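FYI, it's all coordinate maths here, none of it is from the lab. Keep in mind it's a predicted model, so treat the numbers as computed, not measured. Methodologically, a virtual Cβ is constructed for each residue, glycine included, from the backbone with ideal geometry; neighbour enumeration extends over all protein chains shown.
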Amino acid sequence: MNVSFAPLREDAARFITERTGIPYTQGAPFDERRWFCVTARDDQGAIMGVILCEFVNWFEAYFNSAVDDPHCATRRLLRAVFSTLFTRVVRLTAFVDVNNQRAMRNAVSMGFVYEGFCRKGINGNRDAYTFGMLKEDCRMLRPVGGRKRVQGLQDRRVSSHG
C-alpha cells in the first residue's frame, strides 16, 4: 500500500465524489491551507481509500472519507491522520448520510460522537446525522487496549425526522 498526503489528484477527487455524491471535483486545486488530503493506493496504483478534510475555521474541520478496501484504514495510518489533524483543530465534524449504516458504525468506532440530525446537511439535498470528535474522543490516539466509553447512535435516541 502506498499513502500520499499530497493534494488530491484528479482521479482521487473523482473517487471520493462518486462515492459520497459531493462534487469534490469542483474543489481542485486542494490548497493545503484549506484541505488535508490522504490517498491510499494498492501496489498497482488503484485507489483503496481517500480521506479529505476541509478546514472551515480556526478550530474545526469537516471530515470526509470514502473507502473501497478497508485494509487501507490501518490503525497506524488513522493515528497519523488524527494526530496531524488535531495539531490544527480542536474538533472534527462528520456529516453522515442517514442511510449509510456502515459509515455511522465506522465513525463511532473511530471515536466520533453522535451530536444530532441535520436536515439537508449534505450538499443541501440529503439529510445527515452529525458526528463530532475532540482529541480526547479519538480512539486511534489511545494506547492499544485503552478503553473509553464512547457515546454513539446506540446510546442516544435518534430524531424521527426523515
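In a fully extended conformation the segment linking PHE5 and GLU115 would gain 36.7 nm over its present Cα-Cα distance, using 0.36 nm per residue. Simple point charges give the picture: +1 on the Cβ of Lys and Arg, -1 on the Cβ of Asp and Glu, and for region 2-143 a dipole about the Cα centre of about 360 debye. By definition, a body whose alpha carbon gyration tensor gives a ≥ b ≥ c is rounded when a/c is under 1.5, and region 2-143 falls into this rounded group.
Loop-located GluC sites (Glu not before Pro) in region 1-98 (DSSP state not H, G, I, E or B) with no more than 14 neighbouring Cβ atoms inside 10 Å: GLU32. Helical content of the chain, expressed as a calculated mean residue ellipticity at 222 nm, amounts to -6000 deg cm²/dmol (DSSP H runs of 4 or more residues, -39,500 (n - 2.57) each, divided by residue number, nearest 500). Label-to-label distance, THR25 versus ASN123, with points set 7 angstrom from Cα along the beta-carbon direction: 1.1 nm. Please state the shape class of region 1-61: rounded when a/c is under 1.5, otherwise prolate if a/b exceeds b/c and oblate if not, all from the C-alpha gyration tensor. Taking the square roots of the gyration eigenvalues as a ≥ b ≥ c, region 1-61 is prolate.
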